[in-house]
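Trainee: A single structure is presented below for examination.
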(Lines give C-alpha, C1' and ligand atoms only; values in the text may rest on other atoms or scores of the structure.)
Protein backbone atom coordinates (compact mmCIF):
# COMPACT_ATOMS: atom_id res chain seq x y z
CA UNK A 1 0.00 0.00 0.00
CA UNK A 2 1.43 3.38 -1.01
CA UNK A 3 1.92 6.11 1.55
CA UNK A 4 -0.66 8.79 1.10
CA UNK A 5 0.59 12.34 1.59
CA UNK A 6 -1.33 14.26 4.25
CA UNK A 7 -3.14 17.21 2.67
CA UNK A 8 -2.48 20.66 4.12
CA UNK A 9 -6.20 20.94 4.78
CA UNK A 10 -9.07 18.60 4.09
CA UNK A 11 -11.27 21.60 3.47
CA UNK A 12 -9.23 24.75 2.99
CA UNK A 13 -12.32 26.93 3.24
CA UNK A 14 -13.47 25.17 6.38
CA UNK A 15 -13.21 26.53 9.90
CA UNK A 16 -11.41 23.39 11.08
CA UNK A 17 -8.33 23.91 8.88
CA UNK A 18 -5.32 24.49 11.12
CA UNK A 19 -3.45 26.40 8.40
CA UNK A 20 -6.38 28.77 7.94
CA UNK A 21 -6.54 29.33 11.70
CA UNK A 22 -2.83 30.19 11.87
CA UNK A 23 -3.03 32.56 8.91
CA UNK A 24 -6.05 34.26 10.46
CA UNK A 25 -4.06 35.19 13.57
CA UNK A 26 -0.56 35.87 12.17
CA UNK A 27 -1.33 36.76 8.57
CA UNK A 28 -0.68 40.18 7.15
CA UNK A 29 2.40 42.29 6.82
CA UNK A 30 3.38 42.96 10.44
CA UNK A 31 2.40 40.35 12.99
CA UNK A 32 5.15 37.82 12.28
CA UNK A 33 7.74 40.60 12.37
CA UNK A 34 6.38 41.80 15.72
CA UNK A 35 6.55 38.27 17.13
CA UNK A 36 10.15 37.87 15.95
CA UNK A 37 11.24 41.19 17.48
CA UNK A 38 9.68 40.26 20.81
CA UNK A 39 11.30 36.82 20.63
CA UNK A 40 14.73 38.36 20.01
CA UNK A 41 14.39 40.59 23.08
CA UNK A 42 12.25 38.40 25.40
CA UNK A 43 10.45 41.52 26.63
CA UNK A 44 10.12 44.73 24.68
CA UNK A 45 8.50 48.11 25.15
CA UNK A 46 6.27 49.79 22.59
CA UNK A 47 8.87 52.32 21.48
CA UNK A 48 11.45 49.59 20.93
CA UNK A 49 8.95 47.68 18.80
CA UNK A 50 8.14 50.79 16.81
CA UNK A 51 11.84 51.37 16.04
CA UNK A 52 12.55 47.70 15.31
CA UNK A 53 9.70 46.99 12.87
CA UNK A 54 10.72 49.20 9.96
CA UNK A 55 7.84 51.00 8.25
CA UNK A 56 5.05 50.16 10.70
CA UNK A 57 2.74 52.99 11.74
CA UNK A 58 1.72 53.64 15.33
CA UNK A 59 -1.87 52.73 14.49
CA UNK A 60 -0.93 49.43 12.87
CA UNK A 61 1.46 48.50 15.70
CA UNK A 62 -1.15 49.24 18.37
CA UNK A 63 -3.85 47.31 16.48
CA UNK A 64 -1.56 44.34 15.80
CA UNK A 65 -0.48 44.15 19.45
CA UNK A 66 -4.11 44.21 20.62
CA UNK A 67 -4.99 41.41 18.20
CA UNK A 68 -1.94 39.32 19.14
CA UNK A 69 -2.83 39.73 22.81
CA UNK A 70 -6.49 38.80 22.16
CA UNK A 71 -5.34 35.69 20.25
CA UNK A 72 -3.16 34.58 23.15
CA UNK A 73 0.22 35.13 21.50
CA UNK A 74 1.45 38.23 23.34
CA UNK A 75 1.42 39.14 27.03
CA UNK A 76 0.99 42.82 27.90
CA UNK A 77 2.26 43.95 31.29
CA UNK A 78 1.45 47.51 32.37
CA UNK A 79 3.35 48.87 35.34
CA UNK A 80 1.65 51.16 37.85
CA UNK A 81 4.00 54.10 37.44
CA UNK A 82 4.19 57.43 35.70
CA UNK A 83 4.94 57.76 32.92
CA UNK A 84 3.11 54.56 32.02
CA UNK A 85 5.44 51.69 31.19
CA UNK A 86 4.19 48.70 29.21
CA UNK A 87 6.20 45.60 28.30
CA UNK A 88 5.30 42.92 25.79
CA UNK A 89 6.45 39.31 25.84
CA UNK A 90 5.51 36.10 24.05
CA UNK A 91 3.15 33.54 25.50
CA UNK A 92 4.16 29.89 25.54
CA UNK A 93 1.84 29.35 22.57
CA UNK A 94 3.73 31.98 20.55
CA UNK A 95 7.12 30.63 21.65
CA UNK A 96 6.18 27.24 20.22
CA UNK A 97 5.56 28.92 16.85
CA UNK A 98 8.99 30.62 16.63
CA UNK A 99 10.92 27.57 15.30
CA UNK A 100 8.36 27.27 12.49
CA UNK A 101 8.73 30.95 11.62
CA UNK A 102 12.51 30.65 11.63
CA UNK A 103 12.25 27.69 9.25
CA UNK A 104 10.11 29.82 6.92
CA UNK A 105 12.76 32.55 7.16
CA UNK A 106 15.50 30.08 6.19
CA UNK A 107 13.39 28.80 3.31
CA UNK A 108 12.85 32.36 2.06
CA UNK A 109 16.56 33.14 2.24
CA UNK A 110 17.40 30.00 0.28
CA UNK A 111 14.64 30.15 -2.31
CA UNK A 112 13.50 33.73 -2.86
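The values are calculated or read from the model by the stated rules, or taken from the named source; none is laboratory data. Fair warning: this is a prediction, and the values are worked out from it, not measured in the lab. Backbone-built Cβ (ideal geometry, glycine too); neighbour counts: all protein chains shown.
Trainee: With the condition kept exactly as written, say whether any residue in the range 18-28 is touching a residue at least 12 places away in the same chain (Cβ under 8 Å), in a loop (DSSP other than H, G, I, E, B) and closer than 20 Å to residue 103 by Cβ.
Mentor: Looking through the range 18-28, at least one residue is touching a residue at least 12 places away in the same chain (Cβ under 8 Å), in a loop (DSSP other than H, G, I, E, B) and closer than 20 Å to residue 103 by Cβ.
Trainee: Follow-up question, since we're still on this one. Which of the residues that make up the range 64-89 are closer than 17 Å to residue 47 by Cα, out of contact with any strand residue (DSSP E or B) (no Cβ under 8 Å at 6 or more places or on another chain) and at pLDDT 95 or above?
Mentor: Of everything in the range 64-89, those that are closer than 17 Å to residue 47 by Cα, out of contact with any strand residue (DSSP E or B) (no Cβ under 8 Å at 6 or more places or on another chain) and at pLDDT 95 or above turn out to be 64, 66.
Trainee: Considering only residues that are under 23 Å from residue 89 (Cβ atoms) and touching a helix residue (DSSP H, G or I) at 6+ places or on another chain (Cβ under 6 Å), look in the range 1-33 and name the one that is modelled with the lowest pLDDT.
Mentor: 26
Trainee: Which condition breaks for residue 45 when tested against (1) touching a residue at least 40 places away in the same chain (Cβ under 8 Å); (2) buried (at least 16 other Cβ atoms within 10 Å of the Cβ); (3) in contact with a strand residue (DSSP E or B) (Cβ under 9 Å, 6 or more places away or on another chain)?
Mentor: (2)
Trainee: Collect the residues in the range 73-94 that are surrounded by 15 or more Cβ atoms within 10 Å (Cβ to Cβ) and assigned to a helix (DSSP H, G or I), keeping them in residue-number order.
Mentor: 94
Trainee: Please indicate, with yes or no, whether at least one residue in the range 90-97 is at pLDDT below 95 and more than 20 Å from residue 28 (Cβ to Cβ).
Mentor: No, that holds for no residue.
Trainee: Provide a single number: the residues in the range 48-72 that are part of a loop (DSSP other than H, G, I, E, B), under 12 Å from the mean Cα position of the chain (by Cα) and surrounded by fewer than 13 Cβ atoms within 10 Å (Cβ to Cβ).
Mentor: Qualifying residue count for the region: 1.
Trainee: Specify the residue that is modelled with the lowest pLDDT; the eligible residues are those in the range 34-47 that are closer than 17 Å to residue 93 by Cβ and part of a helix (DSSP H, G or I).
Mentor: Ranking the qualifying residues of the range 34-47, first place goes to 36.
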